Amino acid sequence: AQKVTQAQTEISVVEKEDVTLDCVYETRDTTYYLFWYKQPPSGELVFLIRRNSFDEQNEISGRYSWNFQKSTSSFNFTITASQVVDSAVYFCALSEAGGNNRLAFGKGNQVVVIP
Amino acid sequence: NAGVTQTPKFQVLKTGQSMTLQCAQDMNHEYMSWYRQDPGMGLRLIHYSVGAGITDQGEVPNGYNVSRSTTEDFPLRLLSAAPSQTSVYFCASSYRAPGTEAFFGQGTRLTVV
């Protein structure tokens with residue numbers, strides 16, 4: 001069974017600080033996909049990034065970067081130079097290749113950026 | 001593009017009432033699913049469908065029914081509402097290819113009193 005753990009619940013940072021969100025996952029599949037979604041105060045869910053299990057290359061996209069490590073089953077997400085608009089709940093999610101794109105979500109990290 | 005459209009946005013029900021949450025997508029996605037979001041619980045899968053005429057249960061299916069008569073529509077029915085079904089409900093859709101991202105509707109906030 002797939003499982004995603006986001007240990008931190010609420011994280012407060014001062015604007016322009018970096019914030020890193022931790023995500024640990026469990027799966028028995030060898031092929032799987034990891035996602036980060038953002039839920040701003042307006043409530044919608046916005047897709048941010050995706051990685052597949054056979055690509056451990058870490059990337060940077062604008063102020064977002066992610067660190068995928070299969071050895072520790074972690075998929076951490078960093079926002080650099082945070083802004084007030086980054087205040088949101090961030091969800092890590094996993095889907096397995098044989099799972100019909102069903103997503104298992106973590107409980108989410110509430111990020112509060114203080115101006 | 002409309003994407004995934006959910007109606008209504010808000011609903012208050014009395015215990016025991018039934019209702020249908022509507023979900024429609026215009027992206028010709030094969031896969032559709034319903035999640036509920038509760039405080040501190042993340043999103044949990046209720047039911048999903050891999051195509052018209054095919055549905056299956058997710059993690060928390062009790063008290064809900066679904067059907068998929070067309071590719072576009074995937075309604076969620078609450079048979080006899082209970083206070084435990086107070087939640088925010090999200091419909092999502094995606095292409096069949098493994099690992100494609102899901103697109104979510106705006107959510108329906110349901111309160112059962």
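Readers should treat all values here as calculations from the given coordinates under stated rules, not as data from a laboratory. If you're wondering where the values come from, they're calculated on a predicted model, not measured in any experiment. When we count neighbours, we look across all protein chains shown, and the Cβ atoms used for this are built from the backbone with ideal geometry, even at glycine.
Structure above, values below:
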read-out	value
Separation of the B:ARG77 and A:THR20 label points, Cα + 7 Å toward Cβ, nm	5.0
Counted charge near B:ASN28, where neighbours are those whose Cβ lies closer than 15 Å (Asp, Glu -1; Lys, Arg +1)	-2
Cα centroid separation - the stretch A:11-32 against the stretch A:92-115, whole Å	9
Spacing of the two label points (7 Å from each Cα toward its C-beta) at B:THR7 and A:ILE60, in nm	4.7
Volume per residue that the Cα convex hull of chain B spans, once the total is divided by residue count, Å³	94
Rounded to whole Hz, the Karplus (6.51, -1.76, 1.60) HN-Hα couplings of the stretch B:53-69, x for glycine and proline	x, 10, 9, 8, 7, x, 6, 10, x, 5, x, 10, 10, 9, 8, 9, 8
At 1.306 mPa s and 10 °C, Stokes diffusion of chain A via Kirkwood alpha-carbon radius, µm² per second	111
Scattering curve values for the stretch A:35-81, log₁₀ I(q)/I(0), Debye with Cα scatterers, q = 0.16 Å⁻¹	-0.48
Longest site-free stretch - chain B; sites: trypsin sites (Lys or Arg not before Pro), DSSP loop, at most 16 other Cβ within 10 Å	B:15-95
Of A:THR27, B:GLN25, A:GLY106, farthest towards positive along the dipole that unit charges on Lys, Arg, Asp, Glu beta carbons give the protein assembly as shown	B:GLN25
Value of D in µm² per second that Stokes-Einstein yields for the protein assembly as shown, Kirkwood Rh from Cα pairs, at 10 °C (1.306 mPa s)	88
Separation between Cα centres of the stretch B:10-53 and the stretch A:47-75, rounded to whole Å	29
